[in-house]
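Here is the structure we will look at.
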Amino acid sequence: MQASRMPEVTLSLPAALGALVIILLIGAAVVYFGLSAGIGGQQLTEPTAEGTATVTATLTLTPTETLPPTPIPTETPLPPIDYVVRSGDTCGGIAVFFGVSVQSIVILNNLPSSCIISEGQQLKVPYPTPTPAPPPTDIPNAATQTAQACEKISYTVQANDTLSSIALNYNVPQDAIKFYNGLSTDNVFVGVPIIIPLCERFATPGPTPTATLPPPYQAPNLLLPADGAAFTLANDVVTLQWASIGTLRDNEAYQITIEDVTSGQGLRITDYVTDTKYIVPTSFRPNDNLAHVIRWWITTVRQNGVDDQGQPIYNSAGALSEKRVFTWVGVAVEGTPSP
C-alpha cells in the first residue's frame, strides 16, 4: 500500500530569490521597530550628531615696511690754522686770540701739559666751535625780516685782516658784521668767508666822498724757502713764496728784491707781481761752483703814474718784510784730481 505524499510547491529561481528578499526585509523591519520600542523598558535614544566645526579664516596683516631714518648730515670740521709762534707769545695768549682752549692746543700739537712753546715753532690751532644759532620761528620778527632784506656780499678773510680793518674798508660797523655772522669775539680767521651787510653802512650826508687810500700795509710774512736753505745745480729754478697781506687794489703789487751778496758786482733783480709767489729766473743762477749767498725781501707798492718811457712808477705802500738768504751753486763742483 503506498503512503500519501505532501503537496509540493515548485518555484522558479527568480521567484525564490524574490521571496528570500521579502523575508529578509520583513525580518529587518521587525528588528528595527523592536529596538526603537526599547529593550527591557529602556528606550534607545538616537544619538544627536555633533555640530560641524566652522573654520574661521584668520586674516594675516602684511607688515608695513619701516623706512630707515634719514641720516642727519654731520658738519665737516675745518682744518686747523697754521700759526708761527712769535716773540712773547704764550699758549694762553694764543688761545684767547683764536677763541679756543689751551688744552685743545696742547692735544693737537702733542705738547707737554705746561704748554711750553718757543719762537718760530709751527703750531696747529683748532678752529673754534661755532655757537649754534637758535631754531627758526614760523613768523620772523621785525629784526629777522630786516636782516633778510639787507643787501649783503661775501668776503673771504685775507692774511693780516682784522675785523676793524674790514669794517673800515666797507664803512660798516663792527657790531653789524658780528651780528650777521654770529661772532662772539672780534677775531676773524684767514680763508673763512664772512658776510658784509652793506645795508648797515654809515650814512654819509652830501655828495659821495672820494675814496681814500688804505693805510700802509703790514710787512708780508715770508714762507719759502726757509732762511739759509741750500740749492744746487739740480735746482733749475727757485720759487719764493710769502703770505698775502690782503686783497690788493688794481694799482697795487708786491715788489720783490733779490740780490747776489757773494758776487760783489751788485747783481740785483727788482720785479713786481700780484701773486704771492715768484720764480727766480734761471739767468740769475751763478755761473761758478761757489755757493753764492742770495738775499731777498718783499714789500707792497702802489703805482703812481708812468715815466717818460711808459713804465709804471711805484711808491711804497707798506712795510718791508724780513730779509732772508739762501745759497745757490751754479755748476758742478770739480772733483779733486788723483795724484
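The values are calculated or read from the model by the stated rules, or taken from the named source; none is laboratory data. Computed from a prediction, not measured in an experiment: that's the story for all the values here. Cβ sites come from the backbone with ideal geometry, for glycine too, and all protein chains shown count toward neighbours. Accessible surface areas use protein heavy atoms only, side chains included; no ligands, DNA or RNA. Shrake-Rupley method; radii C 1.70, N 1.55, O 1.52, S 1.80 Å.
Between residue 241 and residue 165, the contour length at 0.36 nm per residue exceeds the Cα-Cα span by 24.9 nm.
Within the same chain, lysines fewer than 8 places from residue 152 are excluded, and of the rest, those with a Cα less than 16 Å from its Cα are 178.
Distance between the modelled labels on residue 153 and residue 311, one decimal in nanometres: 3.5 nm (7 Å Cα→Cβ projection). For the stretch 241-328, the solvent-accessible area of protein heavy atoms averages 53 Å² per residue (probe radius 1.4 Å; ligands and nucleic acids excluded).
As a fraction of the 1.4 Å probe accessible area of the stretch 218-291, surface on carbon and sulfur atoms comes out at 48 percent. With a 1.4 Å probe rolled over the protein heavy atoms of all chains, the accessible area of 252, 200 falls in the order 200, 252, largest first.
Only protein heavy atoms count here; under a 1.4 Å probe, residue 322 has an accessible surface of about 90 Å².
Spin-label model, residue 233/residue 78: points 7 Å from Cα along the beta carbon direction are separated by 4.9 nm. A crude spin-label estimate for the pair residue 277 and residue 174, with each label 7 Å from Cα along the Cβ direction, gives 3.5 nm.
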